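The values are calculated or read from the model by the stated rules, or taken from the named source; none is laboratory data. From a predicted model like this one, the values you see are computed outputs, not experimental measurements. Heads up, the Cβs are rebuilt from the backbone with ideal geometry, glycines too, and the neighbour counts pull from every protein chain shown. Surface areas here come from the heavy atoms of the whole protein model, side chains and all, with no ligands, DNA or RNA. Shrake-Rupley method; radii C 1.70, N 1.55, O 1.52, S 1.80 Å.
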Amino acid sequence: MANGYLQQRVRAERAEAALALDATLRTLELSLAEQTRQLEDELPRAARPSARIAQLTGGGKVWRFGYDGKVAALTANTAAPDAVLQRLGLRALGRDLPAGALTFLPSAQTPPGERPLSFVIAGCPHSPCNGIAVGQLKPWPLLRPNWPAHWQASIELKDENGQRYGRFTLGQDKASEGLPLWLGLMAPGLAVAAPLPLNVTRALGQQDLLLEARLAPASFAPASPWLVALPLATLFTAGVLLFLVYRLYRQYRSASRRLEQLEQSYLLMNTSNGTLRERLKKLSASQRDLQTLIDTVQVGVIILDAGHWQIRACNQRAGDLFGCDANDLVGQSGERLFATETDLSICRTLITQGMPVTDRDLSLKRQDDSEFWSLVSMRGLFHNGQPAVAISVVDVSERIAHAELLEAEKKATEHAMQQLQSVQAELVELATLDDLTGIANRRHFMKSATALLDQACRRERALSVLMIDIDHFKQVNDTLGHDAGDAILSQTVTLCQALIRQHDVFGRIGGEEFCLVLPDSDDLTALSIAERIRERVANHPFRANGKTRQVTVSVGLAVWLPGEVPPALAALLKTADEALYRAKAQGRNQVVCARGQRSLDGLRSAPSTSTR
């Protein structure tokens, strides 16, 4: 348990030290860049030792190597350069170096420990230097990072090939302070260095050099078995005492670090005060130019703080879009400009991931909380040296309104088309179906029957026609009324539809007269179907107006067989109609075939003697 706690503590301190190291590298990068710039301004004009040069190099030594072979010190109390710098200076005299530009020199076989950065600056032939300045640069004192205990960063300046230029150290010296008491008690055998140091690199200057920091943490060995056997009371008492001592120790270290930070900050502020004023003037001028550019464009432009999304700057066009003066927008939260939380969340996520927002239709809010549609583009940038977000806004409310109008018209057109199709379907139904029985009317029946007859003649397949008529139907209308007659017609059609095939054509061609066309059916098949229809109708109790009545039908049959002369449909219907009249004359409730055959004796019972 103790070992797991210590490992967790190592991970937490590792993350804390990594954050402190990253912030320190940022500060170190800016500090070295500023030292380099001031040295480039000072050394080409220097002709004799100067306290200013010693201050700019952080206490480093500088020599002038003249083209006449003479070497002179430019810092006070400076002896001759060592052999390494002597070789570097003489080698640099033969190189074509840019005038006034500081160039870092690689260190050959850098020994362990800290090593200043070697540099060379070539002066112009007419300058007092009349040669090159070679020296050693130590970084200005930095704010000491808030390192956790026992963490140390070794920082080197390298190029992309791994050539070293210098080395220095940040953090606590483990060798001098040792391990805290409580770590020794909790985990005897504590190791000194972690197996996997943390590496952080950052580009520096125009030489494409890298600041590489190796963060060396402490790792913990497993606790000894005797730790479990400690008495609970002793462990509790020792833990409380250790906690109090550790708190006092941390407070003391924190106060010491704060004091050192204040001293270093004071020194750095005094050194950079003149430079900051010059940069402030340039920054103010560039800020005015940026504001002029923003005010010139014809779209709304807003600059937000990348951290809190607070509006830093905007043009008057943006103020007009949001219904206020541009100065009233500055200082407000950029989040309130979005009408929906969803759009705000999507935009913040994309910008946080480094992705731009391009031409996105979003709903924004004016100062009076009214909404309007706009075309929004967003991109991350640096404004006054700080991360920021630039937003361009174009009012597209009219385009969106026009698109919504077109969408409404499209829906109205689709609805009208659906109604038209429904009316067309209804008209087709009215034009093809009988409104009482729901089967084909006379016109549609004749058209469909003609097509079946033509197909049968082409394919040379038999085709039969049944002419069906309800017996004594006029008597039903006269005695029971037309409502009862309509009900009997509908029930008769339903009985017939249950016995015919799907591809047969069934239609009403008169008041109580129906016709059925049977493709691929000879006289025997047609007689079988006709007999089933006749029997089903004769045996069915018809109900109309609360009364039950028996109804019969007479059927006339005409057949066309392959090999015969193809007849016209009218002739075939006339033949079936004549057979129907013979069935009526012979007593009704029977099937008569135009070829002279009566209904099949094996498919029907004895003929009914009813005269209805």
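Points worth noting:
- Verdict on residue 295 being more than 30 Å from residue 30 (Cβ to Cβ), assigned to a helix (DSSP H, G or I) and at pLDDT below 85: yes
- Any hit, the stretch 532-545, residues being touching an Asp or Glu at 6+ places or on another chain (Cβ under 8 Å) and surrounded by fewer than 22 Cβ atoms within 10 Å (Cβ to Cβ): yes
- Hey, residue 478 over 14 Å from residue 553 (Cβ atoms), assigned to a helix (DSSP H, G or I), of a type in the set (Asp, Glu) and open to solvent by less than 80 Å² (accessible area, probe 1.4 Å) or not: no
- Count - residues of the stretch 505-542 that are among the hydroxyl-bearing types (Ser, Thr, Tyr) and closer than 14 Å to residue 558 by Cβ: 2
- Residue in the stretch 131-140 that is part of a loop (DSSP other than H, G, I, E, B), open to solvent by 30 Å² or more (accessible area, probe 1.4 Å) and at pLDDT below 80 present: no
- Among the residues of the stretch 553-595, those identified as surrounded by fewer than 14 Cβ atoms within 10 Å (Cβ to Cβ), among the small types (Gly, Ala, Ser) and under 18 Å from residue 516 (Cα atoms) are 568, 570, 571.
- Scan of the stretch 87-109 for residues that are open to solvent by 40 Å² or more (accessible area, probe 1.4 Å) and touching a strand residue (DSSP E or B) at 6+ places or on another chain (Cβ under 8 Å), ordered by number: 90, 93, 98, 99, 106
- Checking each residue in the stretch 497-509 for being in contact (Cβ under 8 Å) with a residue 40 or more places away in the chain and not β-branched (Val, Ile, Thr) picks out 497, 506, 507, 508.
- Among the residues making up the stretch 498-521, those that are open to solvent by 60 Å² or more (accessible area, probe 1.4 Å) and closer than 22 Å to residue 562 by Cα are 501, 503, 520.
- Among the residues examined, residue 422 qualifies as polar (S, T, N, Q) and farther than 22 Å from residue 571 by Cβ.
- Any hit, the stretch 301-311, residues being under 24 Å from residue 356 (Cα atoms), at pLDDT 75 or above and of a type in the set (S, T, N, Q): yes
- Contacts under 7 angstrom Cβ, first residue in the stretch 394-421 being in contact (Cβ under 8 Å) with a residue 12 or more places away in the chain, partner among the β-branched types (Val, Ile, Thr), 6 or more apart: 394/299
- Among the residues making up the stretch 345-387, those that are among the hydrophobic types (A, V, I, L, M, F, W, C), over 17 Å from residue 297 (Cβ atoms) and in contact (Cβ under 8 Å) with a residue 12 or more places away in the chain are 347, 350, 351, 357, 362, 364, 372, 373.
- Applying a threshold of 7 Å to beta carbon distances and a minimum spacing of six or more residues, or different chains, the list of pairs starting in the stretch 250-262 at a residue that is more than 18 Å from residue 13 (Cβ to Cβ) and ending at one that is open to solvent by 70 Å² or more (accessible area, probe 1.4 Å) reads 261/143.
- Among the numbered conditions (1) of a type in the set (Gly, Ala, Ser); (2) open to solvent by 20 Å² or more (accessible area, probe 1.4 Å); (3) not in a helix (DSSP H, G or I), the only one that residue 451 does not meet is (3).
Each row is one residue, and each column tells you yes or no for (1) assigned to a helix (DSSP H, G or I); (2) of a type in the set (Ser, Thr, Tyr); (3) in contact (Cβ under 8 Å) with a residue 60 or more places away in the chain; (4) open to solvent by 20 Å² or more (accessible area, probe 1.4 Å).
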residue: 17; (1), (2), (3), (4): yes, no, yes, no
residue: 25; (1), (2), (3), (4): yes, no, yes, no
residue: 28; (1), (2), (3), (4): yes, no, yes, no
residue: 47; (1), (2), (3), (4): no, no, yes, yes
residue: 54; (1), (2), (3), (4): yes, no, no, yes
residue: 72; (1), (2), (3), (4): no, no, no, yes
residue: 80; (1), (2), (3), (4): no, no, no, yes
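- No other residue among 425, 440, 484, 416 is more than 59 Å from the chain's Cα centre (by Cα) and hydrophobic (A, V, I, L, M, F, W, C) apart from 484.
- Residue 11 falls short on exactly one of the conditions (1) free of Cβ contacts under 8 Å to residues at least 12 places away in the same chain; (2) among the charged types (D, E, K, R); (3) in a strand (DSSP E or B), and that condition is (3).
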